[in-house]
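Report on the following structure.
Please treat every number below as a calculation from the coordinates, not as lab data. Because the structure is a prediction, the values reported are computed rather than measured. Please note: Cβ atoms are built from the backbone with ideal geometry, for glycine as well, and neighbour counts cover all protein chains shown.
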Ligand code: TXA
Ligand code: MG
């Protein structure tokens, strides 16, 4: 398949933008289009068409038991696909829509059955990116859209990531530069009371609690120490796979304090280096200074994703840096641990998945 590639230079006035109109027309013909959202690039198709949605699963190589998020333009469209909108959902949407929050609601059966993988519930979100919104508006469709990566690899935060994973497998890619948040939306199940966090994201548990009070956390989301996923079945089917992963094995290094973690990581690097391994370090500006000052040289591949002073910078660059390791042929990657408050919970969740739950 010949993949169309459209670059959108400025996102201010997208009404009747030719690229948006072409992409929308292809969506109406059951084709699959990659587009930027404020979190990561999505791979969209008409959520009302089983044939269109099956093209997403085929392009990604995604297991069919992993349901998709339906993206809508406007909160008023919710009643077209869900049975009811509970009060907590209304409160949350008033504060966080459009934005990086996905709600699990009771489906009314309108969306294609492969969107929900046969579940009675449906995941819905209202993306807050001008290109995503323009595409939703121009197509007039609810769009089922997972992240636009091949299944298992890190989600794409730039159009070049989508291109390297999916060129030739989808009808088109809308390129509007790097996404903002860098990690996928927060997923909250509001079919249960109290609501349960299924996937941490940029909208933190603390922020959700400020609006709706008690929020529980899916026990399968144990993100400290050894992953318990093997024994606890996750409620969000997508969370059970090794995910977001670079080619080389990744281990997370923890410690009593940040300094202690740096020291432990350094010791492991020196040890691995002595055994002839090519080592990668996933770190921050602060960590890099420490390793370089302690004798780590260019034979170790250091990737910096932002600063500990602002964890949103770490979130924004994490997937790109994980992908970059694939170009450096490292044998093993050591990643630092981050605090698990605010967006840190999402960062550690994705690292845990990329590591397959391996900690040292
Ligand atoms: O930020 C995002 O959410 C991005 C952009 C493109 O919008 N999309 C995204 O989609 O991350 P995806 O397919 O990669 O992740 C969807 C997650 C999976 O973990 C899936 O299992 C869960 O949402 N999910 C979808 N429907 C569900 C349902 N009915 N019940 C529980 N979990 C559900
Ligand atoms: Mg994904």
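Taking springs between alpha-carbon atoms closer than 10 angstrom, which of 64, 153, 13 fluctuates most in the Gaussian network model of the chain? Among 64, 153, 13, the largest mean-square fluctuation in the Gaussian network model of the chain belongs to 13. Look at the alpha carbon pairs under 8 Å that are at least 6 residues apart: their mean separation over the length of the chain gives a relative contact order of 19 percent. Between 0 and 90 degrees, the angle of helix 18-28 with respect to the longest Cα principal axis of the chain falls at about 70 degrees.
Between helix 344-355 and the chain there is an angle of about 80 degrees, using the helix long axis and the longest principal axis of the Cα atoms. Each peptide among 127-139, 165-177 gets the average number of other Cβ atoms lying within 10 Å of its residues, and from highest to lowest they stand as 127-139, 165-177. Computed from the C-beta positions of residue 217 and residue 273, the FRET efficiency with R₀ = 41 Å rounds to 0.60. Looking at the chain, the DSSP beta bridges with both ends there are about 40 percent antiparallel. Pairs of Cα atoms nearer than 8 Å and 6+ residues apart set the relative contact order; for segment 292-360 it is 22 percent. When both bridge partners sit in segment 1-130, DSSP labels roughly 75% of those beta bridges antiparallel. Quick one: angle between helix 258-274 and the longest Cα principal axis of the chain, in degrees between 0 and 90, rounded to 10, please. Its long axis makes an angle of about 70 degrees. As a length-normalised measure over Cα pairs under 8 Å and 6 or more apart, the relative contact order of segment 119-204 settles at 17 percent. Please give the Cα centre distance for segment 73-91 versus segment 92-110, rounded to the nearest Å. If you average the Cα positions of each part, the centres end up 6 Å apart.
Note on the chain: helix-only mean residue ellipticity at 222 nm, from DSSP H runs of 4+ residues weighted -39500 (n - 2.57) and normalised by residue number, equals -9000 deg cm²/dmol. In segment 268-335, the DSSP beta bridges split such that about 10 percent are antiparallel, to the nearest 5.
Distance from a point 7 Å along Cα→Cβ of residue 167 to each backbone N in segment 23-44: keep the residues under 19 Å and list them by number. Once the point is set 7 Å along Cα→Cβ of residue 167, 32-36, 41-43 turn out to lie under 19 Å by backbone N, inside segment 23-44. Spin-label pair residue 289-residue 259: with each label point 7 Å from Cα along the Cα-Cβ axis, the two points sit 1.5 nm from one another.
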